[in-house]
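Working notes, structure below.
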Amino acid sequence: QVQLVESGGGLVQAGGSLRLSCTASGRTFSTMGWFRQGLGKDRDFVAAIAWNGHHPVYADSVKDRFTISRDNAKNTIYLQMNSLKPEDTAIYYCAGDSRTVLVPSLAATAYGDWGQGTQVTVSS
C-alpha cells in the first residue's frame, strides 16, 4: 500500500519559518513535489525535486523563500519555508510521480499519489 504522510504544518506569524516533511512508504518515487490549496482556490504547484536532488523547480511565488530537499535513505522530502506571508496560508500536499523524467513536472496531473495534506496558517 502506497502512503505519503505529511507533517510539520501549523500556525506561524508573517516572516516566520516552518519545515514540512513528507515520508513515502510502499513505493520509491522518481520525483516528489509539494502543492498547496488555499480556501476556495485551485491546487497550485509549489516545488518539486528529482530523485537525485538535482533540478529542483519552484513556483515563482515561493522562489528564494522556500527550499525543497530529499533524503532518499528515508524516502522523505522536506520543504523549508522562510519569510512566510499570509498568502502562503493553505493546505500543503505532498505528491509522488513514479515516471522517469529529466525535469520534475509542475502539473498536478503528473503525480499519481498524494498525501492527506497539512495545514499551514500564516497570520499577519
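The values are calculated or read from the model by the stated rules, or taken from the named source; none is laboratory data. These numbers were taken from a predicted model, which means no experiment stands behind them. Neighbour counts are summed over all protein chains in view; Cβ atoms, including those assigned to glycine, are modelled from backbone coordinates with ideal geometry. Heads up: the accessible areas ignore ligands, DNA and RNA and are worked out on the full protein's heavy atoms, side chains in. Shrake-Rupley method; radii C 1.70, N 1.55, O 1.52, S 1.80 Å.
Please grab the % of Cα pairs in region 63-103 that end up more than 14 Å from each other. All intermediate terms of the calculation are to be shown ahead of the outcome.
Numbers: 517 of 820 pairs.
Tail fraction, whole percent: 63.
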For this session: Can you tell me the dipole magnitude for the chain around its Cα centre, using point charges on the Cβ only (Lys, Arg +1; Asp, Glu -1), in Debye to the nearest 20?
Result: 140 debye
Problem set entry | Long-range amide H partners of R27 with built H, under 5 Å | Q3
Exercise. ³J(HN,Hα) across region 101-118 via Karplus (A = 6.51, B = -1.76, C = 1.60, θ = phi - 60°), whole Hz, x for Gly/Pro?
Worked result: 10, 7, 10, x, 7, 9, 8, 4, 5, 7, 9, x, 10, 9, x, 7, x, 9
Seminar exercise, completed: Regression test value, accessible area per residue of region 15-60, probe 1.4 Å, units Å², expected 50 Å²
For this session: Among I68, N52, L39, flag the residue with its Cα farthest along the positive direction of the charge dipole of region 32-83, charges on Cβ as +1 for Lys/Arg and -1 for Asp/Glu.
Result: L39
For this session: Quick one: grab Rg to one decimal and Dmax as a whole number for the chain, Cα atoms only, in Å.
Result: 13.3, 41
For this session: Kindly sort E87, E6 by accessible area of their heavy atoms, largest first, with the probe set to 1.4 Å.
Result: E87, E6
Problem set entry | Radius 13 Å from Cβ of I91, net charge of other residues (Lys, Arg +1; Asp, Glu -1) | -1
